[in-house]
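Contents: one structure, followed by commentary.
The values are calculated or read from the model by the stated rules, or taken from the named source; none is laboratory data. What you are looking at is a predicted structure, and each value in this text was computed from that prediction instead of being measured. Counting neighbours? That spans all protein chains shown, and the Cβs are built from the backbone with ideal geometry, glycine included.
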Amino acid sequence: MQSNAGPGSAPLRRFDPPSTSPTAQHSPSDTGRSALVCFPCAGGGATGFAPWRRLLPDWLDLYGHVGPGREERGREAPLSSVDELVDEVLPDVLALPVPLVLVGHSFGAALAYELTHRLTLAGRPPQRLVVMAAVAPGATTLEPPSGDHEIELLWKQLGANTAGLSRPGYREWLFPVLRADFTAQAAYRPPARRSHITTPVTVMYGDEDPVVTAEEAAIWRTLCAGPFEVVPIPGGHFFPQTERAATTGALHRALEF
């Protein structure tokens, strides 16, 4: 696995395919490659998508977003604005030479959705937008947690693994990143007069998610003017990590939809 730029500053990390793949080698249309650009949940980084590489077809080039304050960018101050995060990553996404598929998990869905609009305005609309375990931007009034205690309660409510919180330094590193991401998500509002996206959209939700239900997932339809589907996945809010085979299988099928 390797990054597509030097350490410490690149907002995208590329994961190379293994030497052998259990999946098909050809794209749905046999016309070439596509780039799968993935945006993680609050507090997350590119690493969460690394295990997908062995489950995806080789014609998909896999990239994960590394926001400021996490992984190799851990020394950088996190950003607390969706617009700022998208401004930062947009040039690297535009530089990818193949058609694009955007994936966003939870908070990452807001980034993927906003990026879809920016790419469309730049004449480079994605082939598909896939959002996972996410409420539609602007559909629900969100309040950022007022302190670390509320952050921990929310994290537990979503079903996150909190075992690391007892490790020295882990809480001090993680909570500023979570706080920035939750603040950005709560403040983000798509412009009222914005046109609906015409990129095909797939919304996936966990059938045991305590927050994003089938009804919540369907609200994404109000932001979309193109092909649209809602797909249930076994598991809770973190199904992209806990149910990888089911998630990547549904993703592969969505690209043939």
Restricting attention to segment 6-41, which residues are crowded, with 16+ Cβ neighbours inside 10 Å, among the aliphatic types (A, V, I, L, M) and modelled with pLDDT under 95?
-> Ala10
Restricting attention to segment 27-83, the residues that are β-branched (Val, Ile, Thr) and not in a loop (DSSP other than H, G, I, E, B) number exactly 3
Top-ranked residue in segment 103-140 [being touching a Ser or Thr at 6+ places or on another chain (Cβ under 6 Å) and in a strand (DSSP E or B); ranked as surrounded by the fewest Cβ atoms within 10 Å (Cβ to Cβ)] = Val130
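I need a count of the residues in segment 234-257 that are among the aliphatic types (A, V, I, L, M) and within 16 Å of Val201 (Cβ to Cβ).
The number of residues fulfilling the criteria is 4.
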Please list, ordered by first then second residue, the pairs with beta carbon atoms under 7 Å, 6 or more apart or interchain, first in segment 35-50 and over 14 Å from Pro68 (Cα atoms), second among the acidic types (Asp, Glu) and not in a helix (DSSP H, G or I).
-> Ala35/Asp61; Leu36/Asp61
Among Ala254, Ala250, Ala245, Ala214, which is the only one that is touching a Ser or Thr at 6+ places or on another chain (Cβ under 6 Å) and under 27 Å from Ala160 (Cβ atoms)?
-> Ala254
Only one of (1) among the aliphatic types (A, V, I, L, M); (2) more than 29 Å from Ala245 (Cβ to Cβ); (3) touching a Phe, Trp or Tyr at 6+ places or on another chain (Cβ under 8 Å) fails for Leu153. Which number is that?
-> (3)
When restricted to Val211, Val203, the only residue in a loop (DSSP other than H, G, I, E, B) and not small (Gly, Ala, Ser) is Val211
Can you tell me which residue in segment 165-194 is surrounded by the most Cβ atoms within 10 Å (Cβ to Cβ), limited to those that are under 22 Å from the mean Cα position of the chain (by Cα) and free of Cβ contacts under 8 Å to residues at least 60 places away in the same chain?
-> Phe175
Counting only residues in segment 214-239 that are in contact (Cβ under 8 Å) with a residue 60 or more places away in the chain and in a loop (DSSP other than H, G, I, E, B), the one surrounded by the most Cβ atoms within 10 Å (Cβ to Cβ) is identified as His237
